[in-house]
1. Among DSSP beta bridges lying fully in region 50-202, give the percent that are antiparallel, nearest 5.
2. Determine, for LYS79, LYS190, the number of other Cβ atoms within 10 Å of each Cβ, and report the residues in order from fewest to most.
3. Roughly what would the spin-label model give for ASP61 and LEU100, points 7 Å off Cα along C-beta, in nm?
4. Counting pairs on different chains as well as pairs 8 or more places apart, how many Lys pairs in the chain have Cα atoms under 25 Å apart?
5. How big is the dipole moment of region 130-187 about its Cα centre under a simple scheme where the beta carbon of each Lys and Arg is +1, that of each Asp and Glu is -1, and everything else is neutral? Debye, nearest 20, please.
6. To the nearest Å, what is the center-to-center distance of region 21-97 and region 155-213, using C-alpha atoms only?
7. Place +1 on the Cβ of every Lys and Arg and -1 on the Cβ of every Asp and Glu in the chain, take the dipole about the Cα centre, and give the residue among GLY46, GLN208, ALA132 whose Cα lies farthest towards its positive end.
8. Quick check for me: using +1 on Lys/Arg Cβ and -1 on Asp/Glu Cβ, what's the dipole size of the chain about its Cα centre, in debye to the nearest 20?
Amino acid sequence: MIIVLLGPPGAGKGTQTAALVNRYGLTPISTGDIFRANLNAGTLLGLEAKNYMNQGLLVPDELTVRLVEDRLAQPDAKKGCLLDGFPRTVFQAEELDKILAAQGLAVDYCLLLDLPDLELLTRLTGRRVCRACGSVWHLTFSPPPDNLICPCGGEIYQRGDDGEAAASNRLKVYQAQTRPLAAWYQKRGKLKTVSASGSPERVATAIQQALDG
Ligand code: AP5
């Protein structure tokens, strides 16, 4: 099974990933995580992506599509994938279809997590992340330890694109460039929309109902 996880920044895509990959036996592939891992490792790809990410802009399509094509060619992708944050433009969706078609595959579902902008901004600006293990916290909804050291020993920090200016820009970019993908997948009969309001557990249950019918 191949699921595209679509939704605005801060809707809870990363938060819902673990339950989804466990339930359906999928390999999680997050383009944002891949860019951040490259950024932390100081690779050329990371340096190139950094300027776009910190301004809340999308990394250019060509670079992103090549990266996903390579990732999908790895053995663990063969059992099925959860694509978090890709595609993000109609061009990326068309390229994804071509890459999958070459392997006799296709996207099964596009799962859209929807939430109003005001709640998104609260989730984004309050988010804190462990630099070592990637655990996600929220200053109000799931507060990190006071010393900002994760139980794994890693430093808990605020992502460079979670400040108010970059976060607001990401929401605008989402509406202009990514939101049209909902209609694109709807037209192909693949869209499942779920409200991302309420507790993570409520959202997980709603996702399960949407996918299992
Ligand atoms: P990416 O890393 O994909 O970020 P995003 O899509 O902006 O999504 P986020 O990670 O911000 O949010 P999320 O939905 O995963 O929310 P989370 O679960 O953490 O991309 C970053 C950047 O990389 C892009 O801006 C772009 O530059 C580049 N990029 C990536 N992919 C690209 C592509 N395909 N093309 C071009 N460029 C690309 O939750 C958020 C917070 O809310 C957390 O604190 C969490 O604890 C809390 N929370 C979650 N659920 C709930 C709940 N139900 N109730 C209360 N709090 C909750």
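Read-outs throughout are calculated quantities, based only on the coordinates presented, and are distinct from any laboratory measurement. The structure presented is a predicted model; accordingly, all values stated were derived computationally and were not measured. Reconstructed Cβ throughout: ideal geometry from the backbone, glycine too, with neighbour counts over all protein chains shown.
1. For region 50-202, the DSSP antiparallel bridge percentage is about 60.
2. Taking fewest neighbouring Cβ atoms as first place, the list is LYS79, LYS190.
3. My value for the distance between the label points is 1.8 nm.
4. 21
5. The calculated dipole for region 130-187 is roughly 420 debye.
6. 16
7. Farthest towards the positive pole: GLN208.
8. It comes to approximately 240 debye.
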